[in-house]
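What follows is a short report on a single structure.
The values are calculated or read from the model by the stated rules, or taken from the named source; none is laboratory data. Here the structure is a predicted model, which means the values were calculated and not measured. Note that we place each Cβ from the backbone using ideal geometry, even for glycine, and neighbour counts take in every protein chain shown.
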Amino acid sequence: MWAPDRRIAQLRKELAETRRQLVATSALQEENRQLKALLKLQETDKAAFANGYLLTSTSTSSKRIALLSIGRNLGVSAGQPVRGADGLIGRVLSSGPSVSQVLLLTDIDNIVPIRRARDGLPALANGRGNGDLDIRTLNIANNPFKPGDILVTSGTGGLYPPNIPVAIVVRRTADGALARPLADPAKVDAVAVLRPYTPDNIEAQAAPAPASRP
């Protein structure tokens, strides 16, 4: 091999290594961002009680399930909501001693009461099993959704606390809208497990403590 050829091969090798280092650094920065956001969430949101990692998630099956790195050892049990730094992930389907299964927001069996962030328009989000969500307004005669609309949990019916970011509308459909989750399980590492929401519990937490009697 001529000297120029060896130099070109060396430069290509160095470039490939630099790219690998950049990818690793970007991934680490994103993980740190998620962890910082979740730690801040735990400080400000009484519903968040444990942090963990999504280890794997299905991408080809119609069942959208992820494996969570914590279980009953940290108080995780079926029915608890799970969120990432950017929004809702789903709910705990089952919990083992140290790992749990999470039914993702995009699973066809997951239905979440939501509202449009800018005006409170109520609707339902239903997983399509392909990574997207079907959005249905409660008034079937009216379809006011627009691309770019941000959707958050409404708290209706309990389980999911209100005001968790859920999805952004991509386009209108004949009977609602197609939306994309704001927190992509394929890209999320760190998540928080939340206490199931009930209006009575939240109101009790927010109410001032009764004055002590002398």
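If you scan the range 173-188, which residues turn out to be in contact with a strand residue (DSSP E or B) (Cβ under 8 Å, 6 or more places away or on another chain) and either assigned to a strand (DSSP E or B) or surrounded by 15 or more Cβ atoms within 10 Å (Cβ to Cβ) (or both)?
Once the filter is applied, which keeps residues that are in contact with a strand residue (DSSP E or B) (Cβ under 8 Å, 6 or more places away or on another chain) and either assigned to a strand (DSSP E or B) or surrounded by 15 or more Cβ atoms within 10 Å (Cβ to Cβ) (or both), the range 173-188 yields Thr173, Gly176, Ala177, Leu178, Ala179, Arg180, Pro181, Leu182, Ala183, Pro185, Val188.
Go through the residues of the range 143-160 one by one and say whether even a single one is at pLDDT below 90, farther than 17 Å from Arg83 by Cβ, surrounded by 16 or more Cβ atoms within 10 Å (Cβ to Cβ) and under 21 Å from the mean Cα position of the chain (by Cα).
No, the range 143-160 contains no residue that is at pLDDT below 90, farther than 17 Å from Arg83 by Cβ, surrounded by 16 or more Cβ atoms within 10 Å (Cβ to Cβ) and under 21 Å from the mean Cα position of the chain (by Cα).
For the range 68-127, give me the residue count where each residue is under 17 Å from Ala179 (Cα atoms) and not in a loop (DSSP other than H, G, I, E, B).
Adding up the residues that qualify gives 16.
Identify all residues within the range 68-107 that are β-branched (Val, Ile, Thr) and under 25 Å from Gly148 (Cβ atoms); write none if there are none.
Selection gives Ile89, Thr106.
Give Asn143, Asn130 a once-over and let me know the one that is of a type outside the set (Gly, Ala, Ser), over 22 Å from Leu68 (Cα atoms) and part of a loop (DSSP other than H, G, I, E, B).
Just a single option satisfies the conditions, and that option is Asn143.
Pairs only if they're at least six apart or on different chains, beta carbon under 6 angstrom, first in the range 144-156 and farther than 12 Å from Asp119 by Cβ, second outside any loop (DSSP other than H, G, I, E, B) and basic (Lys, Arg); list them, first residue then second.
Correct list of pairs: Pro147/Arg171; Ser154/Arg115.
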